[in-house]
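The values are calculated or read from the model by the stated rules, or taken from the named source; none is laboratory data. Keep in mind that what you see is a predicted model, and the values were worked out from it rather than measured. All Cβ positions, even for glycine, are placed from backbone atoms using ideal geometry, and neighbour counts span all protein chains on display. Areas reflect the complete protein model, heavy atoms only, side chains present, ligands, DNA and RNA absent. Shrake-Rupley method; radii C 1.70, N 1.55, O 1.52, S 1.80 Å.
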Amino acid sequence: MIRCRSVSLLSLFTGFLLSGCFKTTELKFNDQQAAVASGRVPASVVEDYTLVLPISKRHYIASVFSQVFAIQEISTDGDNLRTEVFFKKEFGGSCDPYGRSEVIVNGTTTDEFIQARCGSGITSDLPAATNPMRYAWTTKACENNIVGRPARFAAAMNQVLTGWSPGSVQIQHKPNVENVKKAYGLFFQSREPDEDVVAALIQLGATASNNDEAWKLILISLCVNPEWQSLI
């Protein structure tokens, strides 16, 4: 059984209010005030509008993890990423039954293009949708790469801070507006964070005892946030 859990209570209440479980992604907008003001409806009528956000497929999620943590496809971490994300049907995204190909390596038949493999519930028509398990697997992958694998954490940090090294106490390696924006861009690619989000992340980092722990809190908060997986 997978339990809903939080990495840090403060990190989940700072800016994002996240946990390992999420409801179906539907945003409901109450347009009553605008409708009444324009005279379109009487004050007693309430109109709800539902918008289902388009969600990215496993291919995109895996590619972001690969970029952020510099994960090579043929490696132990690459195998872990496939197990944690790519081969999880909860992320959606079809397989290619004709694209995997087969080759013989050291007398053993294996897939030439493992990413095209079908199986474990992944079919040639598997739409992406938001669901609790999707974000539980995301949280696990985030924790494993940031907390459990020092080399992957270092790979992410070297994209945020030039010359960073584990245990650094240099003042320029503390979270600030500029470098927190870089960290934000790792997951929210081509998006600019709001000032209050940056301030909240800096405040979150300030609760840690050292720079390494501060950045782990910040990166985990960004990584587990489901918003970067949306297509809007």
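Scan segment 156-176 for residues that are under 17 Å from LEU204 (Cβ atoms) and open to solvent by 90 Å² or more (accessible area, probe 1.4 Å) and the total you get is 1. Counting only residues that are charged (D, E, K, R) and part of a loop (DSSP other than H, G, I, E, B), segment 68-104 holds 4 of them. The residue that is farthest from LEU161 (Cα to Cα), counting only those in segment 177-210 that are open to solvent by less than 20 Å² (accessible area, probe 1.4 Å), in a helix (DSSP H, G or I) and free of Cβ contacts under 8 Å to residues at least 24 places away in the same chain, is VAL198.
Of the residues screened, GLY163 is not one that is touching a Cys at 6+ places or on another chain (Cβ under 9 Å), at positive phi and either free of Cβ contacts under 8 Å to residues at least 40 places away in the same chain or among the hydrophobic types (A, V, I, L, M, F, W, C) (or both).
Against the condition within 14 Å of GLN229 (Cβ to Cβ) and among the hydroxyl-bearing types (Ser, Thr, Tyr), how does THR110 come out, does it pass?
Criteria not met by THR110.
Restricting segment 73-107 to residues that are without any contact (Cβ under 8 Å) to a residue 40 or more places away in the chain, polar (S, T, N, Q) and farther than 14 Å from ILE122 by Cα, the residue that is surrounded by the fewest Cβ atoms within 10 Å (Cβ to Cβ) is ASN106.
Residue-by-condition table, conditions (1) closer than 27 Å to GLY92 by Cβ; (2) touching a strand residue (DSSP E or B) at 6+ places or on another chain (Cβ under 8 Å); (3) modelled with pLDDT of 95 or more:
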position: ASN144; (1), (2), (3): yes, no, yes
position: ALA155; (1), (2), (3): yes, no, yes
position: THR162; (1), (2), (3): no, no, no
position: SER165; (1), (2), (3): no, no, no
position: GLN172; (1), (2), (3): no, no, no
position: LYS181; (1), (2), (3): no, no, yes
position: GLU192; (1), (2), (3): no, no, no
position: ALA199; (1), (2), (3): no, no, yes
